[in-house]
Amino acid sequence: MTPKERMAAAMAGKAPDRVPAMCQMSVGHMLLQTGLAPSEFWHSAPVFAEGLLRMRALYRFDGILVSLHGHEPDWSRRAARVVRSEEGERVLWKNGDETFFPPDDLPVFRPAVPAAKPEFGRFDPDVLPAEIGYIPVSQGLRFGLDPGRLFDILDIVVGAAGREFSVHGEVTSPLDYVLDLFGFEQAMVGCLEDPGRAKAVLGRLTDGIVRLAGGLAAAGVDAIKISSPFAGAGFLSAAFYGSFVLPYEGRIVRAVEALGVRAYIHTCGDIHDRLELMADSGASGIECLDPPPLGRVELGDAKARVGSRIFIKGNIDPVHVLLAGGPETVRADARRRISVGKPGGRYILSTACSIAPRTPPGNAALLAEVAEECGAY
């Protein structure tokens, strides 16, 4: 099988030739390994695509996650100057804003005039724009996204690798936009005190995300990840999840799957108490499944509870195993995940969340090697 066919079979619940291996990589890790200029990596579609393709080849992953889209080709024209140092790059924009780009982390945006948060109780959901043209700043990704060129990056990556490798796009959960729009405290209190208004806002945002996901599907991706990092038990109860997350992510899932593209949900932290709820979304799969001590998900338990309904991607501890462990620790852990996840199919070997910035590249490269050694069906 080609890597693309292997991933497609695993996501569809069919038997691939072996367990696929594909991890999401933190931007910091990609920057450190490629040496590309951070400001260009964030703003230039060709530079970002170069980084993605180089990292996939380095680790021999079966797929590529395109986590940023909407790059701005003429971004440098908005910059007054770029100051480079060992600590990173500082872009001073002509409008007075400033962005600091570390070499191993998310950028820090400092607006000249901080935007005021709207008051939740007085907010009219109908004033929200019909289109979603940015990723919430809570993800560190708002700036540099051009709504007029949202899918240029997909044209490059799908054109270069889409016939052989699985290419995935990404959208963000409606809840993230609400947290970004109102601030965490006001957003959460608003959901509890005025659930009707909260659901109207979430619904309006979902409309835009569905259209955005449709554009990604039309650009040729094989799957779309719905990034929902704040929907775990460490932040939200299962009841809150059922009211303010599941209905809206479910709408996105149904829209994506109706286009013949796989949808899967990425939620960090503890999701032990909501595996069935996540499967109820209709998604083809779920990602992360943080094991102890990061979360509470044991792979065998997850397989028994939802493994016949959805594919599972993840469960390797990215901190204590991949970042801090030695090669033998990584090998042993990957073998153990494969032995538990492989039976019955629907398993993709992966870190629970992103490969951390300073993870030894030799450790990350071992995952595909172990999948080739002991992942055959």
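Each value in this text was obtained by applying a stated rule to the coordinates, not by laboratory testing. All values reported here derive from a predicted model rather than from experimental measurement. Note that we place each Cβ from the backbone using ideal geometry, even for glycine, and neighbour counts take in every protein chain shown.
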Along each of the three principal axes of the Cα atoms of the chain, give the extent in whole Å, ordering the values from largest to smallest.
-> 56, 48, 37
Quick one: Cα convex hull volume of the range 141-236, Å³ per residue?
-> 112 Å³
Which far-off residues, 5 or more places away or on another chain, put their amide H under 5 Å from the one on GLU89, with H placed in the peptide plane?
-> PHE101
Compute the distance in nm between two label points, each set 7 Å from the Cα along the Cα-to-Cβ direction, one at GLU119 and one at GLU257.
-> 4.2 nm
Quarter of Cα convex hull surface for the range 231-377, i.e. mean projection, nm² | 8.8 nm²
Which of GLY242, PRO3, LEU150, positive extreme of dipole for the chain (C-beta unit charges) | PRO3
Quick calc, the chain, dipole around Cα centre from Cβ unit charges on Lys, Arg (+) and Asp, Glu (-), nearest 20 debye, gives 620 debye
Please provide three numbers in whole Å: the alpha-carbon extents of the range 168-306 along the principal axes, with the largest listed first.
-> 39, 37, 20
One finds the C-alpha centres of the range 245-263 and the range 196-234 to be spaced, in Å, by 8 Å
Of the residues VAL210, VAL113, VAL157, which exhibits the maximal mean-square fluctuation in a Gaussian network model of the chain defined by a 10 Å Cα contact cut-off?
-> VAL113
From the cross-link list LYS225/LYS303; LYS117/LYS225; LYS14/LYS303; LYS94/LYS117; LYS199/LYS225, the entries with a Cα-Cα span beyond 26 Å are LYS117/LYS225
Where does the range 40-110 land on Rg(C-alpha)/(2.2 N^0.38 Å)?
-> 1.25
Looking at PHE182, TYR377, GLY232, which one has the Cα that reaches farthest to the positive end of the dipole of the chain (charges on Cβ: Lys, Arg +1; Asp, Glu -1)?
-> TYR377
Given the range 209-281 reduced to its alpha-carbon atoms as identical point scatterers, what log10 I(q)/I(0) does the Debye formula return at q = 0.15, 0.25, 0.28 Å⁻¹?
-> -0.48, -1.08, -1.25
Extend 7 Å from the Cα of LEU32 along its Cα-to-C-beta direction; within the range 332-361, residues with backbone N under 19 Å of that point are 351-361
